[in-house]
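Notes for the one structure printed next.
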Amino acid sequence: MSYKIKLDMFEGPLDLLIYLVKKDHLNIYDIPIARVTEQYLEYINLMQLLDLNIAGEFLVMAATLMQIKSKMLLPAEESAAEEEEVDPREELVKRLLEYEKFKQIADNLRTREIDQQEVFKRPKLELEKESSADPEKKEVYFEANIFDLINAFSQALKDIPKEVFYEVIKDQFTVEQKVHDILHVLLVESEIRLSQLFAKAKSKIEIVVTFLAILELAKMKEVKAMQSEAFQDIFITRNKENIAPYEPKDQADLT
């Protein structure tokens, strides 16, 4: 497979670490560094396997984690009783807490900006009617990030028997064809579970191509990956700004 995708939506290595901490409900002040390092390297390997455009900072962070892990495995040095042993994770925890704080501030500012943009807009009557008709059925979704997608991809691979990724086969599946297939489904259906797309795949190579097609569509802003709760099922929905709703052609147009 020689298909490379450069993603503008990639987040940084600190985002990945925070994601791993939150996904497994870990204590950020007492990070199990061996476990997190293993998971971090697994994500890096998957991104490299998919030929994604990985920033060098991800590899630098991988080296940092491995260094911290090695320090924690070493026996404690004998020191004076009054000297307090320094936790090798301390600097990393400080960076994570500081980064998360500034990210939260940025998110709050972004939310305020969106709220201000909505002040002078005309109300969407159709949405109001739908929500007033049955407010209990209204469910709030938020956009999944790249690590949520990779996590779903990793889970899908575990259900397929192990085989070589880069096997020599005919062009049975191509990213371009999968992009077309997914768009065709979303012209008829408003959304589809990512797990459903993976379940339809008959081999590991088809799962890989399907995943690359989703990333390509996300990059082109043709689709959005949405979740109702963090680390739950991902729904692929059409971006209404870019995809026109499906309208069957008039019989007269077909003649």
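The values are calculated or read from the model by the stated rules, or taken from the named source; none is laboratory data. The structure displayed is predicted, hence computed values, not measured ones. Using ideal geometry, Cβ is built from the backbone for each residue, glycine included, and neighbour counts are taken over all protein chains shown.
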*Can you name the number of the only condition in (1) modelled with pLDDT under 85; (2) in a helix (DSSP H, G or I); (3) farther than 26 Å from Asp233 by Cα that Pro123 fails?*
(2)
_Condition check: over 25 Å from Asn239 (Cα atoms), part of a helix (DSSP H, G or I) and either modelled with pLDDT of 90 or more or out of contact with any helix residue (DSSP H, G or I) (no Cβ under 9 Å at 6 or more places or on another chain) (or both). Does Ile182 satisfy that?_
no
*Which numbered condition Ser132 misses (of (1) assigned to a loop (DSSP other than H, G, I, E, B); (2) modelled with pLDDT under 80)*: (1)
_Given the criterion at pLDDT below 90 and of a type in the set (Asp, Glu), identify the matching residue among Glu57, Glu38._
Glu57
*Which of the residues spanning the stretch 21-40 are in contact (Cβ under 8 Å) with a residue 24 or more places away in the chain and either under 26 Å from Phe211 (Cβ atoms) or in contact with an Asp or Glu (Cβ under 7 Å, 6 or more places away or on another chain) (or both)?*
Val21, Lys22, Lys23, Val36, Thr37, Tyr40
*Taking only the stretch 211-249 into account, find how many residues are modelled with pLDDT of 85 or more, surrounded by fewer than 17 Cβ atoms within 10 Å (Cβ to Cβ) and of a type in the set (Phe, Trp, Tyr).*
0
